[in-house]
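The numbers here are math on the coordinates, done by the rules we state, and not lab data. Note that the structure is a prediction, hence the values are computed from the model and not measured. Because the Cβ atoms are built from the backbone with ideal geometry, glycine has one as well, and the counts that use them run over all protein chains shown.
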Amino acid sequence: MFDFGIVTKWLDDLLNSVMPGWLTTTIECVLVAVGLLVAYSLIAMFYIFYERKVCGWIQCRLGPMRVGKWGLLQVFADVIKILQKELITLWHTDKFLFKLAPYLVLIASMLTFACLPWGRGLQIVDMNIGVFFIVAVSSIGVLGILLAGWASNSKYTLIGAMRSGAQMISYELSCGISILTIVCLAGTMSITGIVEAQADGWFLFKGHLPAILAFIIYMIAANAENNRGPFDLPEAEHELTAGYHTEYSGIHFGFFYLAEYLNLFIVSGIATLLFLGGWMPLHIPGWEGFNNIMDYIPSVVWFLGKAFFITFIFFWIRWSFPRVRIDQMLALEWRYLMPIGLVNLVVMAIIVTQGWYFGA
Amino acid sequence: MDFSIFGVQSTTLAITAALTGVLLVVGALVIAWLIGPRSYTEKKGEPFECGIPTRGDSMAQYHVGYYLFAILFLMFDVETVFLFPWATICKNIGSQALLAVGTFLVILVLGLAYAWKKGALRWK
């Protein structure tokens with residue numbers, strides 16, 4: 001399988017041979033930043049288009065069709081339109097916090113985005129505490145949303161932000177516990193380590209019932225953390241207009257929208273990484289010929305394919321279920337998902353210590 | 001030390017990623033400021049309230065329940081942080097790890113059960 005690590009190593013050696021070390025590092029950081037920016041905007045645009053098309057398909061419509069072939073240029077038109085809008089700040093807003101909020105939201109999503117394993121050797125931030133780092137930085141986003149609602153000086157945004165905050169912190173626990181379950185099985189927090197451990201079978205298949213349960217809990221919790229689908233009560237249109245970003249206009253609003261779609265990709269990517277083997281191809285033990293064919297498909301295609309598939313499930317859930325009430329939402333987390341998740345973790349720990357999982 | 005892509009330190013790359021986020025926001029804001037219109041009318045600065053004039057202070061009262069859930073969250077979030085190192089080495093330690101963390105979890109779940117019994121998990 002193609003290894004991007006060889007390419008980056010070659011580039012690093014080449015640069016190091018002609019210039020001093022600090023310059024090499026600077027050039028490499030600039031390369032990383034450009035790559036991140038391009039990938040970030042492309043994924044965001046693709047996701048907006050993807051959601052509109054899938055939503056149209058589910059509702060027996062065509063979705064955007066006018067701008068460009070099959071509406072492919074619609075998103076670009078939207079970006080240009082949103083850039084031309086005036087940036088309004090209201091009276092009596094806390095101007096500093098109001099302007100700080102989009103930065104926090106975008107920084108949180110950019111940091112988690114940089115941690116995703118895109119392919120063999122193609123991962124920007126690869127810490128030995130990778131998953132823990134993801135859990136830690138993704139919670140900066142909540143802060144941004146709370147600030148946005150608080151600083152806007154409007155009743156809708158305040159209530160929207162409070163709901164959003166309560167929902168996101170509650171479901172973060174379930175997310176964390178299902179990630180813990182997988183860390184327990186993998187025995188490492190490093191993202192590369194988790195992916196490598198799934199070479200002979202994805203954790204969803206390897207880890208018996210606890211892994212499947214953890215996957216289901218993760219999917220529900222991730223959906224709620226993104227304020228999407230049946231859990232979109234922070235932005236319930238008929239109650240709160242648009243929730244925490246009601247008073248943001250133009251590109252200021254665009255940042256929240258961008259981060260929302262990117263977060264969708266990030267949770268899909270993390271689900272892929274933890275349960276579906278990251279960029280690892282599908283291998284079935286004993287089927288040598290089949291495994292060899294699967295190895296020919298590039299790792300990037302595997303990762304993106306799995307992530308887009310999981311996103312499709314999120315879209316499907318969103319357009320199929322009615323919105324829940326806030327008491328139902330909190331009861332689901334604290335009375336069902338949390339206790340089930342904790343028991344699940346203990347069961348997984350027993351399985352791991354007794355060596356009852358596949359490929360032990 | 002912890003190295004990632006290009007053999008650069010992970011911390012440096014994480015800072016680069018954060019700065020890229022800042023750059024994205026600043027860049028887009030500058031473009032919007034350059035090509036966007038600017039106008040001033042007095043009514044524009046009013047908070048949105050379905051078209052009618054704003055009434056009262058915008059810092060309205062909200063449900064105290066949010067605070068309660070935030071406190072509960074704090075308890076379990078710290079627990080998750082403690083459990084991460086345990087989960088990493090759980091495979092090597094064996095049944096002793098189970099015993100140790102079992103005690104820890106039982107005490108925490110007792111806390112949750114108490115909150116549940118007191119009705120803290122019910123939205124009133």
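For the range A:145-239, the Stokes-Einstein estimate of translational diffusion at 25 °C and a viscosity of 0.890 mPa s comes to 163 µm²/s, using the Kirkwood hydrodynamic radius over alpha-carbon pairs. Listed by Cβ neighbour count within 10 Å, with the fewest neighbours leading, B:Lys44, B:Lys91, A:Lys155 appear as B:Lys44, B:Lys91, A:Lys155. Taking every alpha-carbon pair in the range B:62-124 and binning the separations at 10 Å intervals from zero gives 19, 41, 25, 13, 2 percent.
When A:Asp327, A:Asp78 are sorted by how many other C-beta atoms sit within 10 angstrom of their C-beta, beginning with the fewest, the order is A:Asp327, A:Asp78.
Shown here for the range A:93-147: trypsin sites (Lys or Arg not before Pro) in loop regions (DSSP other than H, G, I, E, B) with at most 16 other Cβ atoms within 10 Å, of which there are none. For the range B:76-124 versus the range A:254-319, the inter-centroid distance based on Cα atoms is 31 Å.
Could you give me D for the range A:235-316, from Stokes-Einstein at 4 °C and 1.567 mPa s, where the hydrodynamic radius is the Kirkwood radius over C-alpha pairs? Units µm² s⁻¹, please.
Estimated diffusion coefficient is 85 µm²/s.
Could you line up A:Cys29, A:Cys55, A:Cys115 from fewest to most neighbouring Cβ atoms inside 10 Å?
Final ranking by Cβ density, sparse to dense: A:Cys55, A:Cys29, A:Cys115.
The region of chain A that goes longest without hitting one of the chymotrypsin sites (Phe, Trp or Tyr not before Pro) in a DSSP loop, each with at most 12 other Cβ atoms within 10 Å, is A:92-286. Taken as Cα centroids, the range A:107-137 and the range A:35-82 sit 26 Å apart, rounded to the nearest whole angstrom. Here the protein assembly as shown is assigned +1 on the Cβ of each Lys and Arg and -1 on the Cβ of each Asp and Glu. Its dipole about the Cα centre then comes out at about 1160 debye. Taking the alpha carbon gyration tensor of chain A, multiplying each eigenvalue by 5 and rooting it gives semi-axes of 33, 27, 21 Å, largest first. Among the chymotrypsin sites (Phe, Trp or Tyr not before Pro) within the range B:1-91, which fall in a DSSP loop and have no more than 13 other Cβ atoms within 10 Å of their own Cβ? Within the range B:1-91, the qualifying chymotrypsin sites (Phe, Trp or Tyr not before Pro) (loop, at most 13 other Cβ atoms within 10 Å) are B:Tyr40. For the range A:63-104, backbone nitrogen atoms closer than 12 Å to the point 7 Å from B:Trp33 Cα along Cα-to-C-beta are found at A:87.
Against chain B, whose longest principal axis is taken from its Cα atoms, helix B:95-117 shows a tilt of about 50°. Distance between the pseudo-spin-label points of B:Arg55 and A:Ala331 (7 Å out from Cα toward the beta carbon): 3.2 nm. At a Förster radius of 22 Å, what calculated FRET efficiency corresponds to the Cβ-Cβ distance of A:Leu72 and A:Phe312, to the nearest 0.05? Given R0 = 22 Å and the Cβ-Cβ separation, E is 0.75. Given Cα positions, please report Rg to Rh for chain B, the hydrodynamic radius being the Kirkwood one. Reported Rg/Rh (Cα atoms, Kirkwood Rh): 1.18. Eigen-decomposition of the gyration tensor built on the alpha-carbon atoms of the range B:1-60 gives equivalent ellipsoid semi-axes of 43, 18, 7 angstrom, largest listed first.
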